[in-house]
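Heads up: the structure comes next, in structure tokens.
The values are calculated or read from the model by the stated rules, or taken from the named source; none is laboratory data. Because the structure is predicted, anything quoted here is derived from the model rather than measured. Here the Cβ positions follow ideal geometry from the backbone for every residue, glycine too, while neighbour counts run over all protein chains shown. Side chains included, ligands, DNA and RNA excluded: accessible areas come from the protein's heavy atoms. Shrake-Rupley method; radii C 1.70, N 1.55, O 1.52, S 1.80 Å.
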Amino acid sequence: MAPDSSAAVLAARPAAAPARGSAMKRFARRRSTIAFLMTLPLITVIGGLVAWPAGYAIYLATLNRRQTAFIGLENFDILLESETFRSVIWQSCFFAITAVLLKALVGFWLAHMLHHIPAKGQKIWRGMLLVPWVIPPALSTLGWWWMFDPSYSSINYLINAIGFPSVPWLGEPWWARISVIIVNVWYGAPFFMIMYLAALKSVPDQLYEAAAIDGATGWQGLRHITLPMMQNIISITVLFSLIVTFANYDIVRVLTNGGPRDLTQVFASYAFQVGVLSGNIPRGAAVSLFMFPLLAIIAYFVLRGVNKRNQEMA
Amino acid sequence: MAQVSLRKIVKEYEGGVQAVKGIDLEIADHEFVVLVGPSGCGKSTTLRMIAGLEEISAGEIDIGGAVVNDVPPRDRDIAMVFQNYALYPHMSVRENMAFGLMLRKFPKAEIDRRVNEAARILDIGMLLDRKPKALSGGQRQRVAMGRAIVRDPKVFLFDEPLSNLDAKLRVQMRTEIKKVHQTVRTTTIYVTHDQVEAMTLADRVVVMNHGVIEQVGPPQELYHHPRTRFVAGFIGSPAMNFIPAKVVERGNGLVLHLPLGTELAVPEHRVARYKAYAGKTVTFGIRPEHLTDTQNVNKPHVAIFNATPEVLEPMGMETLAHIKLGGAEICARLDPLVAASPGVPLPLAADMNNMHLIDDATGLVI
Ligand SMILES: Nc1ncnc2c1ncn2[C@@H]1O[C@H](COP(=O)(O)OP(=O)(O)OP(=O)(O)O)[C@@H](O)[C@H]1O
Ligand SMILES: [Mg+2]
């Protein structure tokens, strides 16, 4: 991709420049040196706020409870043997995958509808549909919590009004899991919508015209033109959202606090419970690191695919 | 293969812009028809209505004997080549060409046969597995044509397919398109604003202006017998000269009084045609190729007069002389060997057999 080649250009330039002054001066004048100096603040920030905490978390995860001895992967061993943690893995995966798929579907559907309403109305609708995304999730989740409340639930009120029995939203494990997913989808779908809307707008109309003439129905156009043309955006948003959703903390924390009986715990909330509430920081770190290798591998392949398509198409 | 009829076609865009104002056109089976006209005259709009990409505001379009007004593009059995090719960037050349056949559920073997055949005709066999990004403009153009050919549709539609190519490639692809049409014989409607392209490709040329058809006919007919001043000026390059002139009776004949006291005699066989305009002011039209130096002119009905060139443009095989005649700027084509220099009067020969007179009131050629 571009960064490699531009780096190569940057590195190649100084070699051609006439050598004058001391080696130090020459070094300072090199464009790659200047480039490095100018990105240094960013590198420092990323190093301090991302790399160091990540490295420290990995280090913590290899210590014993009192952080006095190195115990290798024992924390992970113990975790994997615990029934509760195994269900946390399952719940996290179920939560993240279902929520991401739903967000992608709902986001795509919304984007598609928005894309087909005339430009004037589009602005208002786009603004309104973005609202869930801009409200701080802890706050909006509190609103949902009220709507799910066993005695005051406004949703149940509506359900009763059309003649169905009340739903134990947060009291029964499966309903509680569904509730968490609903709130996450409500909160996250606008992000997908806005990304997909931008992607839809970037597909030239003429491709649809060519496809229509080639004999494509609307569905075939969607399948053979729209989706392939959006594939990069789709995989990047899904990857990004998968990472963020796996790390989601506030919704579970506010809505169910992991209950009932730890059956809605996900990695982040469980890590908090184990590490902070129960005071076993190293094991909490181990919980939160659990998905890292898997996500890293997924990210590697997704980004490689994106890169390859970029080179072939754009 | 099919004939195409447009009957009283009107296109009105939202906001009341009438892009096409009721045109009638009959296109025969196997015919190559070129729509030509200045920018914004409604050529693309007309083509897109035939393709079904644009709604028809009024009138009827008939392809192969069936009215298609309400038929979606996919069921019209037409193929279109767009100005910027509109190749699917995520598909290889082969997939681009096969796409229409795949959607129509052709057997794999038949798709392969047709794609390979089209690739052979267009000489793009070695590009089949590339993506459009890795093709040059001319190659993309060929692939876009290949995509149309494999479909074996009733009608080919081209919308300025060559305007993104450089001049040399444009000439080459023009020949290519003509060759392809001679091979596959599919009815073709071709839009361009380049009158040279129109003249060289068309069986019949349709000249459009401001949403109406000015004239329809074979290239030679449009060239020699333009019906309106617009067609006369649009067809031919360099464009026809227009000079204000007064028709004056002299004896049994007529002469034209041009600016600067120039007088040209009207040939006898045209006298009857122009008689009614005696004493009136009209526009005299003559093509640069009929306004030459006086070397070897021994044709009948040549009128000689003197004029002073302002600018000379040597083109190699000829020299273009630009002359101011009163208010009119005119152009003559000289033999490159004629000794002419700017500012020096020069005898010119006007071939009056190829003259035109235009009624200024109606814009029609008399
Ligand atoms: N979507 C539209 N809405 C309103 N007016 C339009 C629209 N598309 C085209 N027009 C108008 O219709 C007229 C004809 O347009 P058209 O594209 O058919 O011209 P054209 O002959 O193809 O010109 P060109 O050689 O520049 O391509 C123009 O005046 C144009 O401004
Ligand atoms: Mg056009």
Across region A:164-197, the tally of residues that are open to solvent by 40 Å² or more (accessible area, probe 1.4 Å) and assigned to a loop (DSSP other than H, G, I, E, B) stands at 6
Sole exception among (1) modelled with pLDDT of 90 or more; (2) touching a Ser or Thr at 6+ places or on another chain (Cβ under 6 Å); (3) surrounded by fewer than 22 Cβ atoms within 10 Å (Cβ to Cβ) for B:R113, by number:
(2)
Select from region B:36-55 the residues that are more than 14 Å from chain A (Cβ to nearest Cβ) and either near ligand 1 (Cβ under 6 Å from one of its atoms) or closer than 13 Å to B:A19 by Cβ (or both) and list them in ascending order.
B:G37, B:S39, B:G40, B:C41, B:G42, B:K43, B:T46
Looking at this structure, is B:P238 in a loop (DSSP other than H, G, I, E, B), more than 16 Å from ligand 2 (Cβ to nearest atom) and buried (at least 17 other Cβ atoms within 10 Å of the Cβ)?
no
Kindly indicate whether A:V203 is closer than 21 Å to A:L114 by Cα, in the same structural domain as A:S92 (by TED's automatic domain parsing) and in a loop (DSSP other than H, G, I, E, B).
yes
Say whether the condition of being within 14 Å of chain B (Cβ to nearest Cβ) and of a type outside the set (A, V, I, L, M) is met by at least one residue in region A:233-256.
yes
Does any residue in region A:193-208 that is among the small types (G, A, S) come within less than 7 Å, Cβ to Cβ, of a residue that is modelled with pLDDT of 90 or more six or more places away or on a different chain, and which pairs are these?
A:A199/A:M230; A:A199/A:I233
Only one of (1) open to solvent by 30 Å² or more (accessible area, probe 1.4 Å); (2) touching a residue at least 40 places away in the same chain (Cβ under 8 Å) does not apply to B:Q141, and that is (1)
Subset of region B:278-292 [at pLDDT 85 or above and open to solvent by less than 80 Å² (accessible area, probe 1.4 Å)]:
B:V282, B:T283, B:F284, B:G285, B:I286, B:R287, B:P288, B:E289, B:H290, B:L291, B:T292
Any residue at all in region A:193-204 that's in contact with a strand residue (DSSP E or B) (Cβ under 9 Å, 6 or more places away or on another chain), within 14 Å of another protein chain (Cβ to nearest Cβ) and not aromatic (F, W, Y)?
no
Helices (runs of 4 or more DSSP H) contained in region B:82-161 and holding at least 3 residues within 12 Å of another protein chain (Cβ to nearest Cβ):
B:93-103, B:137-151
Of the residues in region B:10-35, those that are more than 8 Å from ligand 1 (Cβ to nearest atom) and free of Cβ contacts under 8 Å to residues at least 60 places away in the same chain number 4
Per the list (1) open to solvent by less than 70 Å² (accessible area, probe 1.4 Å); (2) over 27 Å from B:R142 (Cα atoms), residue check on B:V17 breaks on (1)
For A:P14, state whether it is farther than 30 Å from A:G305 by Cβ and modelled with pLDDT of 90 or more.
no
Listed by first then second residue, the pairs whose first member lies in region A:279-294 and is of a type in the set (F, W, Y), whose partner is open to solvent by less than 30 Å² (accessible area, probe 1.4 Å), with beta carbons under 7 Å and at least 6 positions apart or on separate chains, are A:F290/A:F267
Filtering region A:205-219 for residues that are facing another protein chain (nearest Cβ under 7 Å) and small (G, A, S) leaves a count of 4
Within region B:60-81, track down each residue that is open to solvent by less than 40 Å² (accessible area, probe 1.4 Å) and either over 32 Å from the mean Cα position of the chain (by Cα) or within 10 Å of chain A (Cβ to nearest Cβ) (or both).
B:P73, B:R76, B:I78, B:A79, B:M80, B:V81
